[in-house]
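The values are calculated or read from the model by the stated rules, or taken from the named source; none is laboratory data. Nothing here was measured: the structure is a model prediction, and the numbers come from that model. Quick reminder, even Gly has a Cβ in these numbers, built from the backbone with ideal geometry, and neighbours come from all protein chains shown.
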Amino acid sequence: MPELPEVEAWVRELDPLVARARIESARPGHIATLKTFEPALAVLSGRSFAGASRRGKNLLFPTDDGELVLRVHLMSAGRLRYLTPGKKGPAKPMFTVRFDDGGELLLTEMGKKKRAGVWLLTPEGLETELAHLGPDALELDADRLGEVLSRDRRQLHSLLRDQRALAGIGRAHANEILWEAQLPPFRISTELSDDEVATLARATHDDLARALELRLAGKGDKDVYRIHGRFGEPCPRCGETLRRVDFEEHTITYCAACQTGGRILKDRRLSRLLR
């Protein structure tokens, strides 16, 4: 799933491109993609986007008159790109915004599950839709993180990827951040010392900033992720074998030597820890 660094890199790339020309049309290519019906997409015709921005993992395209915002959430398999005038794109995009200079903003989605979504909203409607989001993870300091951690008694990995707690982090960067901070994925949030909170805040910033720089340079997952998805490989820090915990919807990757004092974590579906 695209997470904060990848989405932010797309925002910076798309910001000047989507504002170059007026909108000719906007249309979904799949019945499940468009999540709103009022305002109608037709009201975008003749308007211009002011640029692109982001809220958590949501890409936002406000119109320059301040009246509307096109919101895009990529879910796990969506991708968004701009095609320059005259360039041929995919045959069946999930959503298309065509500009009157011939350029196009295209949403595509791999796989059979079509979960990426597009919303056309007023600014007030957008605020209502995204009111549940926590603070942006890239702008977090130790004090704010401490407030988030103390709010609920949660396992760290689960809390980091909860958009209501922190906006922008998913399962991949939760793995990366906790490895960077050398903290166990199942450590309880309310049990961290002040020094550990500061370490986690620093690791969050450093990991996301590093990943953003690589994404802006055009690098892919292989260069961005140091441990995520690399179970069975040596830990980049200590050389021990990276391990994993499997869930139905995601996998946690960790280093037992760096993060859990050598303990091997058992599949949490059994709610037990091997000692």
Looking at 159, 149, which one is in the same structural domain as residue 193 (by TED's automatic domain parsing), in a helix (DSSP H, G or I) and over 15 Å from the mean Cα position of the chain (by Cα)?
-> 149
Quick check: is even one residue across the stretch 80-93 within 17 Å of residue 120 (Cβ to Cβ) and not in a loop (DSSP other than H, G, I, E, B)?
-> yes
Under 8 Å between Cβ atoms, at least 6 apart or on separate chains: pull out the pairs that start in the stretch 122-138 with a residue that is assigned by TED's automatic domain parsing to the domain that holds residue 202 and without any contact (Cβ under 8 Å) to a residue 24 or more places away in the chain and end on any residue that is among the hydrophobic types (A, V, I, L, M, F, W, C) and surrounded by fewer than 16 Cβ atoms within 10 Å (Cβ to Cβ).
-> none
Restricting attention to the stretch 22-49, which residues are under 29 Å from residue 136 (Cα atoms), part of a loop (DSSP other than H, G, I, E, B) and either touching a Phe, Trp or Tyr at 6+ places or on another chain (Cβ under 8 Å) or among the basic types (Lys, Arg) (or both)?
-> 33, 35, 36
Just to be sure, is residue 253 in contact (Cβ under 8 Å) with a residue 40 or more places away in the chain, assigned to a strand (DSSP E or B) and touching a helix residue (DSSP H, G or I) at 6+ places or on another chain (Cβ under 9 Å)?
-> yes
May I ask you to say which residue of 230, 243, 226, 210 is free of Cβ contacts under 8 Å to residues at least 60 places away in the same chain, of a type in the set (Lys, Arg), in contact with a Leu (Cβ under 9 Å, 6 or more places away or on another chain) and closer than 14 Å to residue 172 by Cβ?
-> 230
Only one of 126, 138, 107 is part of a strand (DSSP E or B) and aliphatic (A, V, I, L, M); which?
-> 107
Hits in the stretch 108-137 - residues which are touching a His at 6+ places or on another chain (Cβ under 7 Å) and small (Gly, Ala, Ser) = 116, 117
Out of curiosity, is residue 44 under 30 Å from residue 166 (Cα atoms) and of a type outside the set (Val, Ile, Thr)?
-> no
From the set of residues in the stretch 88-103 that are more than 13 Å from residue 28 (Cα to Cα) and at pLDDT 95 or above, which is surrounded by the most Cβ atoms within 10 Å (Cβ to Cβ)?
-> 99
Can you tell me which of 97, 43, 11 is within 21 Å of the chain's Cα centre (by Cα) and outside the structural domain of residue 209 (by TED's automatic domain parsing)?
-> 11
Residues within the stretch 51-87 that are among the small types (Gly, Ala, Ser) and in contact with a helix residue (DSSP H, G or I) (Cβ under 9 Å, 6 or more places away or on another chain), tallied = 5
Take the residues in the stretch 118-140 that are modelled with pLDDT of 95 or more and among the acidic types (Asp, Glu), then tell me which one is nearest to the chain's Cα centre (by Cα).
-> 136
Name the one entry in 195, 143, 207 that is at pLDDT 95 or above, within 21 Å of residue 11 (Cβ to Cβ) and either surrounded by fewer than 15 Cβ atoms within 10 Å (Cβ to Cβ) or under 15 Å from the mean Cα position of the chain (by Cα) (or both).
-> 207
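This table checks each residue for (1) aromatic (Phe, Trp, Tyr); (2) in a helix (DSSP H, G or I); (3) within 16 Å of residue 236 (Cα to Cα); (4) in contact with a strand residue (DSSP E or B) (Cβ under 6 Å, 6 or more places away or on another chain).
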{"position": "169", "(1), (2), (3), (4)": "no, no, no, no"}
{"position": "174", "(1), (2), (3), (4)": "no, yes, no, no"}
{"position": "177", "(1), (2), (3), (4)": "no, yes, yes, no"}
{"position": "180", "(1), (2), (3), (4)": "no, yes, yes, no"}
{"position": "185", "(1), (2), (3), (4)": "no, no, no, yes"}
{"position": "197", "(1), (2), (3), (4)": "no, yes, no, no"}
{"position": "200", "(1), (2), (3), (4)": "no, yes, no, no"}
{"position": "205", "(1), (2), (3), (4)": "no, yes, no, no"}
{"position": "209", "(1), (2), (3), (4)": "no, yes, no, no"}
